[in-house]
Amino acid sequence: MTERADGAPEIRLTDLAKHFRDVKAVDDVSLDIKAGEFFSLLGPSGCGKTTTLRMIGGFELPTTGRIELRGRDVTNDPPDKRPVNMVFQNYALFPHLNVGDNIAFGLRRKNVEKDQITRRVHEALELVHLTGLDKRKPNQLSGGQQQRVALARALVNRPNVLLLDEPLGALDLKLRRQMQDELKAIQKRVGTAFVHVTHDQEEAMALADHCVVMNDGRIEDAGPAERVYMRPATRFAAGFMGESTLVSATVAEGSEAIETGLGRLPLRTTQPAGTKVTLAIRPEHLALGAADRCDIAFGEATVAEIVFQGSFKRVLAVSRVDPSIRFIARAPATATLQPGDSVDISCQAHDVILLAT
């Protein structure tokens with residue numbers, strides 16, 4: 001990752017808010033994005049992630065708060081006065097221009113010399129593996145190729161920051177995963193900070209060095225993608241950043257056990273007795289059937305649904321003690337489980353995440 005010599009962030013948002021009449025689309029968001037970082041804003045539709053991105057790009061003006069790029073206040077600057085470029089979900093390519101002219105468009109607007117435009121367009125085509133396709137029109141390209149043209153058009157201007165608004169959303173699953181690899185490789189090669197908006201948790205984990213989970217205009221959790229997945233800060237983040245089994249609980253006297261609808265579980269916590277908490281367990285950490293090495297037993301459950309997902313089977317099981325508790329687990333692809341089967345559910349204590357309710 002590229003670091004700035006002065007240690008300052010590439011982007012700093014301070015108490016940023018955007019109101020549309022009575023709706024708080026973004027509510028008091030503060031965050032730093034480092035130089036050379038692949039940064040993802042993640043959350044459900046309407047959570048404020050795209051509005052935040054558009055404010056960074058200058059396409060929306062904040063109601064309150066401050067936006068700094070490389071230490072310079074750009075809060076009220078128009079898009080063309082900011083060292084950023086944006087790649088939109090629909091790519092926004094000019095249909096009447098060929099690939100080369102689409103990529104060169106911004107350079108010509110800046111009156112860059114013709115020979116320099118030719119060289120930089122050639123370099124951009126090489127970067128996105130489209131050499132030789134400069135004379136084609138956008139409608140002669142596949143979806144993945146169009147996405148790469150949009151990337152090249154943004155990167156040819158050498159922005160300090162590249163903003164990506166769900167750039168892979170229009171692609172099919174196989175192509176989306178291929179483009180994730182290419183996007184990450186391009187970002188590492190150019191060393192530019194990428195700020196990426198998505199509602200796809202797997203995409204965020206595949207791409208991001210650092211991610212922010214948003215909900216109702218506010219930040220629920222922020223940190224390295226692996227930490228946010230393995231140790232989410234809130235119940236919402238645990239439920240959105242991948243699947244989890246969530247169990248409501250209360251800290252028992254002595255703080256060495258937790259009371260749940262499944263009985264008392266031997267889990268230690270520093271929270272005082274009587275505190276309401278939530279237990280979160282990822283599917284890969286739940287054991288189905290006898291598990292000698294597990295120290296937390298959740299009792300018997302009935303298999304309600306099995307979904308084959310290639311390398312494993314996703315199993316939904318309902319607790320027999322408390323039917324409101326539904327376990328999401330993984331079984332080997334070769335498992336012979338059937339709906340209606342009874343299974344014992346357990347896990348290891350260190351895999352249980354304790355969250356404030």
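The numbers here are math on the coordinates, done by the rules we state, and not lab data. What you are looking at is a predicted structure, and each value in this text was computed from that prediction instead of being measured. Heads up, the Cβs are rebuilt from the backbone with ideal geometry, glycines too, and the neighbour counts pull from every protein chain shown.
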>> I need the P(r) histogram for the stretch 246-289: all alpha carbon pairs, bin width 5 Å from 0 out to the longest distance, whole percents.
In response: 6, 24, 29, 22, 11, 7, 1
> Could you give me the ³J(HN,Hα) list for the stretch 279-286, computed from phi with Karplus coefficients 6.51, -1.76, 1.60 and θ = phi - 60°, whole Hz, x at Gly and Pro?
Replying inline: 8, 10, 9, 6, x, 5, 9, 8
> Taking only C-alpha pairs under 8 Å that are 6+ residues apart, what is the relative contact order of the chain in percent?
Replying inline: 15 percent
>> Positive end of the dipole of the chain, charges at C-beta (+1 Lys, Arg; -1 Asp, Glu), about the Cα centre: which of 191, 116, 277 has its Cα farthest in that direction?
In response: 116
> When the Karplus curve 6.51 cos²θ - 1.76 cosθ + 1.60 is applied with θ = phi - 60°, which whole-Hz ³J(HN,Hα) does each residue of the stretch 70-80 get, with x for Gly and Pro?
Replying inline: 6, x, 9, 6, 10, 3, 10, 6, x, x, 6
> Viscosity 0.890 mPa s, temperature 25 °C: Stokes-Einstein D of the stretch 209-357 from its Kirkwood Cα radius, in µm² per second?
Replying inline: 153 µm²/s
>> Using Stokes-Einstein with the Kirkwood hydrodynamic radius over Cα pairs, what translational diffusion coefficient do you get for the stretch 1-117 at 10 °C and a viscosity of 1.306 mPa s, in µm²/s rounded to a whole number?
In response: 98 µm²/s
> In debye, nearest 20: dipole of the stretch 215-275 around its Cα centre with unit charges on the Cβ of K, R (+) and D, E (-)?
Replying inline: 80 debye
> Which aspartates and glutamates does residue 110 reach when only Cα atoms under 17 Å apart count, and residues fewer than 8 places away in its own chain are ignored?
Replying inline: 80, 101
> In terms of Cα to Cα distance under 19 Å, which aspartates and glutamates are near enough to residue 81, apart from those fewer than 8 places away along the same chain?
Replying inline: 10, 60, 68, 73
> the stretch 193-275: which trypsin sites (Lys or Arg not before Pro) are DSSP loop and have at most 13 other beta-carbon atoms within 10 angstrom?
Replying inline: 268
>> So I have (i) 51; (ii) 47; (iii) 56, and one of them is percent of Cα pairs over 27 Å apart calculated from this model. Which one is it?
In response: (iii)
>> To the nearest 20 Debye, how big is the dipole of the stretch 11-232 about its Cα centre, given +1 on the beta carbon of each Lys and Arg and -1 on that of each Asp and Glu?
In response: 780 debye
> From the residues 17, 212, 102, which one has its Cα farthest along the dipole of the stretch 11-232 in the positive direction, the dipole being from +1 and -1 charges on Cβ of Lys/Arg and Asp/Glu about the Cα centre?
Replying inline: 102
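For the stretch 186-234, what is the charge dipole size about the Cα centre, in debye to the nearest 20, if Lys and Arg each add +1 at the Cβ and Asp and Glu each add -1 at the Cβ? It would help to have the intermediate numbers written out before the result.
Numbers: 5 positive and 8 negative charges, 52 e Å.
It works out to roughly 260 debye.
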> Just from the alpha-carbon atoms, what are the Rg and Dmax of the stretch 170-284 in angstroms?
Replying inline: 18.1, 55
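In what sequence, highest mean first, do 338-345, 146-153 appear when ranked by Cβ atoms within 10 angstrom?
Ranked by mean Cβ neighbours within 10 Å, highest first: 146-153, 338-345.
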> residue 184: which lysines have alpha carbons under 24 Å from its alpha carbon, excluding same-chain residues fewer than 8 sequence positions away?
Replying inline: 34, 49, 174
>> Please compute the modelled spin-label separation between residue 8 and residue 311, points set 7 Å along Cα→Cβ, answer in nm with one decimal.
In response: 4.3 nm
>> So for the stretch 3-89, averaging the separation of alpha carbon pairs under 8 Å that are six or more residues apart and normalising by length, what relative contact order in percent results?
In response: 31 percent
